[in-house]
Every structure is written in C-alpha cells, then in structure tokens.
Amino acid sequence: MADQYDLIVLGSGPGGYVSAIRASQLGMKVAIVERERLGGICLNWGCIPTKALLHTSEVYHYMTHATDYGLKADNIGFDLGKIVERSRKVAGQLNAGVKGLMKKHKIAVHEGVGKLSGKGKLTVTQGDKTTELSAKHIMIATGARARDLPFAKADGKRIWTYRHAMVPEVMPTKLLVIGSGAIGIEFASFYNDMGAEVTVVEMLPRILPVEDEEVSTFMEKRLTKEGIRIVTGAGVEKIDMSASGVKATIKGKDGKSVTEDYSHVIVAIGIVPMTWL
C-alpha cells in the first residue's frame with residue numbers, strides 16, 4: 001500500500017524544501033522526494049560553492065600580488081584538490097542543515113528518482129527499490145539543468161558544464177567559456193585568477209546581457225583589465241576534441257571564422273527544465 005501524505009514535494013531546492021516546511025507548519029503531513037542532495041542546485045552546485053571557489057581565487061590573487069601591498073610572499077602555489085574539497089565541504093555543511101530542518105519539521109525524506117504515476121500518485125525509484133507514494137497534493141519543484149551545445153555535449157573531460165568546472169581534476173591552461181551570464185563570468189574570473197588563459201565568447205552585443213548595461217560595461221572593462229579576453233557578438237560554430245585539448249571555431253561579429261586551440265571548454269549557455277525523467 002502506498003504511503004499517504006497531504007503533500008508530496010518533488011525536488012528539494014529552495015522552492016521545494018521551503019514549501020515543505022511551510023506546509024508542515026500549517027499542519028500537513030509532508031514528504032519530500034530528492035534524487036541527489038537536499039538543498040538543490042544553488043546550495044550544492046551553484047551559488048554557494050562557487051562563492052567558496054571565488055573566495056579562494058581572491059586570496060590567491062592577493063598572494064600573487066603581495067608586492068603591490070608592500071608584502072613579500074615566496075613560492076606561492078595551490079593544491080587543486082584542497083580547493084575543491086573546501087568548496088564541497090561548505091556545500092556539505094549547508095546540505096546537513098537542510099536535513100536537520102526536514103527532521104525538525106517531521107518531513108519524510110524519500111531519496112530517489114520521482115515519477116508521477118497517476119492522479120495523486122508518485123513512484124520513487126532508487127536502484128532496485130521502488131516506493132509508492134500518494135497525496136492529496138503534489139508539488140513539482142524539480143528545477144533545471146545545464147543546456148548542452150547540440151554539436152558538443154559535455155563529457156566532463158574537455159567540455160564542462162558548471163558541475164564539472166566546480167570539481168576539476170586538472171587546472172585548465174587555456175580555457176574557453178561559452179556564455180557570459182553569471183555562471184560563465186564566475187568561472188571565467190575564478191580560473192583567470194588561478195592562472196589560466198581565459199577567453200569568454202558571447203553571442204549578444206555585451207556580456208552579462210540580462211543585467212543593466214552600465215553593469216555590463218563596467219564588468220567588461222574590469223575583466224579585460226584582469227587579463228580575460230572577451231569576444232561579443234560571436235558564436236561557436238564547431239568544437240573538435242582530442243586527447244590533449246579542443247579546437248573551437250568561433251565566428252566573430254565581422255562574419256569571419258577563426259579556429260583556436262584550448263585545453264578545456266566551459267559551456268554556460270543557460271538552463272533547461274529538469275522534467276525529462
């Protein structure tokens with residue numbers, strides 16, 4: 001017999017877990033279903049851990065420019081594994097906090113992939129185990145995933161999404177960032193500070209296109225000053241991978257196409273709904 005609830009929330013990001021808590025406070029019997037980690041993308045793979053990475057790169061930037069402040073710092077370097085570990089630890093602490101909130105508000109947590117199976121019914125699958133749930137109300141809060149380039153899907157080796165870029169096994173030497181929204185610019189800044197040669201390609205006339213024009217103008221000047229190459233009004237037509245890197249063909253605003261070599265590519269061209277499962 002299916003487990004019965006007043007409300008089932010599918011997805012545990014800020015839209016999901018906050019709604020589950022409020023429903024519980026109003027006296028409802030609530031369950032939340034999550035296939036990965038409680039807290040959603042922002043907490044586990046987005047806003048929070050990227051800020052931890054950016055803080056590390058900021059400190060490293062100051063260390064490498066110590067002489068500008070009248071300081072001496074010799075043999076400056078970094079441990080990439082420790083950088084990633086710190087970022088993941090920050091996310092892990094907040095994930096544990098969400099778990100605590102679920103327990104405090106007596107919200108049942110079902111781990112696995114949720115699928116609507118009928119009116120008021122939802123099936124949760126994890127490995128070989130299947131659990132049937134039912135409720136008067138079901139809330140869909142599944143969020144979104146990174147959009148792939150149709151001609152160059154992310155493989156985690158040479159072509160990365162934000163997830164791969166957050167847990168790199170190697171530091172890129174020459175990095176191409178496709179897309180200049182918040183995600184693209186964050187990673188461009190991080191890897192530039194850590195010593196990579198970074199190029200950002202944006203199809204629209206300016207970077208950070210959803211922000212005010214004054215913000216875009218300021219950021220382009222600042223990032224260019226920091227050594228990031230920015231190409232606007234341009235698109236990536238083709239990417240060819242090899243064991244040692246990628247070749248990217250970029251068509252500029254003048255209509256001419258140029259092919260360049262990079263060690264890695266980050267695709268940051270937006271997101272699509274997480275509803276294909």
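Examine segment 24-37 for a residue that is open to solvent by less than 40 Å² (accessible area, probe 1.4 Å) and at positive phi, and state whether such a residue exists.
No, because not a single residue in segment 24-37 is open to solvent by less than 40 Å² (accessible area, probe 1.4 Å) and at positive phi.
Looking only at segment 1-20, which residues are open to solvent by less than 20 Å² (accessible area, probe 1.4 Å) and more than 13 Å from THR142 (Cβ to Cβ)?
LEU7, ALA20
Scan segment 32-57 for residues that are in contact with a Leu (Cβ under 6 Å, 6 or more places away or on another chain) and either in a strand (DSSP E or B) or touching a residue at least 60 places away in the same chain (Cβ under 8 Å) (or both) and jot them down.
VAL33
Taking interchain pairs and intrachain pairs at least six residues apart, which have beta carbon atoms under 6 angstrom, with the first residue in segment 252-272 and under 16 Å from LEU204 (Cα atoms) and the second outside any strand (DSSP E or B) and open to solvent by 40 Å² or more (accessible area, probe 1.4 Å)?
What qualifies is ALA268/ILE183; ILE269/ARG147; GLY270/ARG147.
Would you check which residues across segment 243-277 are over 17 Å from THR161 (Cβ atoms) and either in a strand (DSSP E or B) or open to solvent by less than 60 Å² (accessible area, probe 1.4 Å) (or both) and list them? Spell out the reasoning first.
Looking only at segment 243-277, we keep the residues that are over 17 Å from THR161 (Cβ atoms), and these are 243-245, 247, 249-261, 275, 277.
Across segment 243-277, the qualifying residues are GLY245, LYS247, THR249, ILE250, LYS251, GLY252, GLY255, SER257, VAL258, THR259, GLU260, ASP261.
Listed residues GLY81, GLY46, GLY70, GLY100; which is modelled with pLDDT under 95 and of a type in the set (Gly, Ala, Ser)? Outline the logic, then answer.
Details: GLY81 fails: modelled with pLDDT under 95; GLY70 fails: modelled with pLDDT under 95; GLY100 fails: modelled with pLDDT under 95.
After ruling out the rest, the residue left standing is GLY46.
Filter segment 180-203 for residues that are outside any helix (DSSP H, G or I) and out of contact with any strand residue (DSSP E or B) (no Cβ under 7 Å at 6 or more places or on another chain) and give the result. Give the derivation first.
First pass over segment 180-203, keeping only residues outside any helix (DSSP H, G or I): 180-181, 194-203.
Correct list: GLY181, MET194, GLY195.
The values are calculated or read from the model by the stated rules, or taken from the named source; none is laboratory data. No experiment lies behind these values; they were computed from the predicted model shown. As a convention, Cβ positions derive from the backbone with ideal geometry for all residues, glycine included, and neighbour counts pool all protein chains shown. For the accessible areas, the whole protein counts, side chains as well, though only heavy atoms, and no ligand, DNA or RNA atoms are used. Shrake-Rupley method; radii C 1.70, N 1.55, O 1.52, S 1.80 Å.
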